[in-house]
There are 2 protein chains.
Amino acid sequence: MDPFRFAIQARSGRARVGLLTTPHGRVETPLFMPVGTQGSVKGLLPKDLKAIGSQVLLANTYHLLLRPGPERVRALGGLHRFAGWDGPWLTDSGGFQVMSLGHLRRIDEEGVVFQSHLDGSLIRLTPERSIAIQEALGADFIMAFDECPPYPSSPEYLKASLERTLRWLERSLKAKTRPDQALFGIAQGGTDAGLRALSTRETLRFDLPGYAIGGLAVGETKEEMFPMVALSTEILPEAKPRYLMGVGHPEDLVAAMGLGVDLFDSVYPTRTGRFGSALVPEGRINLKNAQYLEDKRPLEEGCDCYACQTFSRAYIAHLVRAGEMLGGILLSLHNLRFLHRLTERAREAIRQGSYGAFAREFAERRFGKEVPLWFREAMAAGGHW
Amino acid sequence: MDPFRFAIQARSGRARVGLLTTPHGRVETPLFMPVGTQGSVKGLLPKDLKAIGSQVLLANTYHLLLRPGPERVRALGGLHRFAGWDGPWLTDSGGFQVMSLGHLRRIDEEGVVFQSHLDGSLIRLTPERSIAIQEALGADFIMAFDECPPYPSSPEYLKASLERTLRWLERSLKAKTRPDQALFGIAQGGTDAGLRALSTRETLRFDLPGYAIGGLAVGETKEEMFPMVALSTEILPEAKPRYLMGVGHPEDLVAAMGLGVDLFDSVYPTRTGRFGSALVPEGRINLKNAQYLEDKRPLEEGCDCYACQTFSRAYIAHLVRAGEMLGGILLSLHNLRFLHRLTERAREAIRQGSYGAFAREFAERRFGKEVPLWFREAMAAGGHW
């Protein structure tokens, strides 16, 4: 039997609850995947991630290629054993980080050449090499090698790029050898509806265990982004998991889950935590503000995370000011738990057929009386409001 | 009944196992106290400290005076509630940090004036102020305000300083108002046996719930230091706990426990952990060394800490190289557990009357065939070898 299965268990409008089976256990969708760039979710122990409800971790192929190197990870038992997380992993293809972190890159039909941001050495990454690296890392979910074009890009560039990404997908699939890894294709097309639809439909010509919506949340407005998400989930098959890459703002999750997205990842909750901010239903609070120095309340009333159950905002504000690493750790823990609780409550609402009410309650606390148009339109497109 | 009691439960030579009762629970001695300088043991959650056997935490009065300020800590429920550790706390007097971190200090009979290392503001610390701050912080154990003279100091300076410290002890005691805090006096005298004995005897004229051996591990050799420890524990009363301040190297703990010391603190295990080193029976290993990059063994075979139970040296070496904070966190956790296991095993050996055998086994792994003279002499003075 295929080690990867996806079963939709409940629907509310276009939102759905799914059960995703992997070689390292079953997970419930929609879900948010914490990012462990270098094989570690910064500052957090795997046991604490498990305790807050993390189900799948993401690691970055680009970073692990540079250090410690894929062969070393393979020799040390693959990501699961190496990094002490025995649940499922997902690795990206490396393409996105090459664009954003690598230097002196050159893109051609063969692949990309980049200079390591660590030691300046020249490294070539191709679909074949990306897959070989991801096979060595051993994640459950691996991604086809793609180009994520910068925003904005011209329609001509977007089209040429997405066509190359499709050829790279074909090569990625041919290069793949491990049956215990599921390869997802990535649709591109920027914020051009025609190209987005083209890229999505062409990607669907490959029968894959899941599909990613790529190239969004890279600088465009939410008014530009969400119609692309709505369009994508209309085209994507119901029976396969859909992964909206790099999205982690709570309001984006609520809008995208309403449109039928199943998987998310972003460094946002941990990065904003290390920078001193906590996610709360109203948005986020910056613990560097003096007002929190004597605030006895937890980061978020009613949150069940260790940070909220144990400490006051005042203590965490002190840690942040004092430069104590525990501040960023507690904020990261809370922020991840915040997103996990959000998806847990979304799943519950979907099971009860009341995703619209859930999203309305969320929006009232998040936006107050002025719910932005993009959010309302996403809700309408999802069949909720 | 006095909320502080100390009962000796077992002896082996001069080593002893004690049960120390505090308003926040009972603890077993000998014990090592992790240092939470600013109210946080760097990078570690209180629940993880509890899990590795930490019993008492130490916080630094100097740091908490500067930030967030004692009145704020008091208003937030004192250290126990503020910092989420409901076991016992100990605060130092602030004197040592003023000497080592403050700028433009002036010492006179009244106290010290120093410039904050944070904002340059001028701050006066006196015995009365130190006690008032420590009462606001609310630790179970508080320390008399003392001067820790630099090493080396002339006998004349040491004598004048220790006499002033005795007058400051008297003022500290007079200033103390809370019945739920135990004030320890600190004997000084540097490495001059006559002055050390004088300071210790004069400190004993005050009937206190415990006594500290101060002014050691500040630059002198172990050959100079341990005769002072031996002399001190000969003079100090059997029935009161003895605290050797600032000592945290495993071999120093074994030698000092053998001489009848009960309490220890040091930033060493956590600081050396953040710098990439792990304590092991043979000494310590630096995970930055290339040899660990493919080492599948845990930091220490047989260690029951989360780091050793979950990760290889190779993974932690990767984290250290990659600058991931999880590296320092895991090493801090292991190093503290290493010291806690050391005191746990010491207590067990003392209960069985076999501290000498325990210390010999420790020394054989730590030093090999050449056990240094200072260690052997400490063992002889403790009645073990």
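The values are calculated or read from the model by the stated rules, or taken from the named source; none is laboratory data. These numbers come from a predicted model, not from an experiment. Here the Cβ is made from the backbone with ideal geometry for all residues, glycine too, and neighbour counts use every protein chain on show. What goes into the accessible areas is simple: the full protein's heavy atoms, side chains included, and nothing from ligands, DNA or RNA. Shrake-Rupley method; radii C 1.70, N 1.55, O 1.52, S 1.80 Å.
Here are the numbers:
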read-out: Per-region count, the stretch B:284-324, residues part of a loop (DSSP other than H, G, I, E, B) and within 12 Å of chain A (Cβ to nearest Cβ); value: 12
read-out: Check on residue B:198, open to solvent by 50 Å² or more (accessible area, probe 1.4 Å), farther than 22 Å from residue B:28 by Cα and among the aliphatic types (A, V, I, L, M); value: yes
read-out: Extreme residue, farthest from residue A:273 (Cα to Cα), among residues of the stretch A:49-75 that are in a helix (DSSP H, G or I) and open to solvent by less than 10 Å² (accessible area, probe 1.4 Å); value: A:73
read-out: Residues that are open to solvent by 60 Å² or more (accessible area, probe 1.4 Å) and hydroxyl-bearing (Ser, Thr, Tyr), drawn from the stretch A:76-112; value: A:100
read-out: Output for the stretch A:192-224, where each listed residue is under 20 Å from residue A:159 (Cα atoms) and in contact (Cβ under 8 Å) with a residue 60 or more places away in the chain; value: A:212, A:214, A:215, A:218, A:219, A:220
read-out: Residue among A:183, A:173 that is open to solvent by 50 Å² or more (accessible area, probe 1.4 Å), free of Cβ contacts under 8 Å to residues at least 60 places away in the same chain and closer than 30 Å to residue A:132 by Cβ; value: A:173
read-out: Filter pass, residue B:19 being away from chain A (no Cβ under 14 Å), of a type in the set (A, V, I, L, M), open to solvent by 20 Å² or more (accessible area, probe 1.4 Å) and on the phi < 0 side of the Ramachandran plot; value: yes
read-out: Answer from A:306, A:355 - the residue that is of a type in the set (Phe, Trp, Tyr) and open to solvent by less than 40 Å² (accessible area, probe 1.4 Å); value: A:355
read-out: Subset of the stretch B:325-352 [within 11 Å of chain A (Cβ to nearest Cβ) and either surrounded by fewer than 22 Cβ atoms within 10 Å (Cβ to Cβ) or closer than 30 Å to residue B:256 by Cα (or both)]; value: B:325, B:328, B:329, B:330, B:332, B:333
read-out: Per-region count, the stretch A:71-108, residues acidic (Asp, Glu), within 21 Å of the chain's Cα centre (by Cα) and within 14 Å of chain B (Cβ to nearest Cβ); value: 1
read-out: Hey, residue B:38 away from chain A (no Cβ under 11 Å) and either in contact with a helix residue (DSSP H, G or I) (Cβ under 8 Å, 6 or more places away or on another chain) or not in a helix (DSSP H, G or I) (or both) or not; value: no
read-out: So residue B:280, is it surrounded by fewer than 24 Cβ atoms within 10 Å (Cβ to Cβ), within 14 Å of chain A (Cβ to nearest Cβ) and in contact (Cβ under 8 Å) with a residue 12 or more places away in the chain; value: no
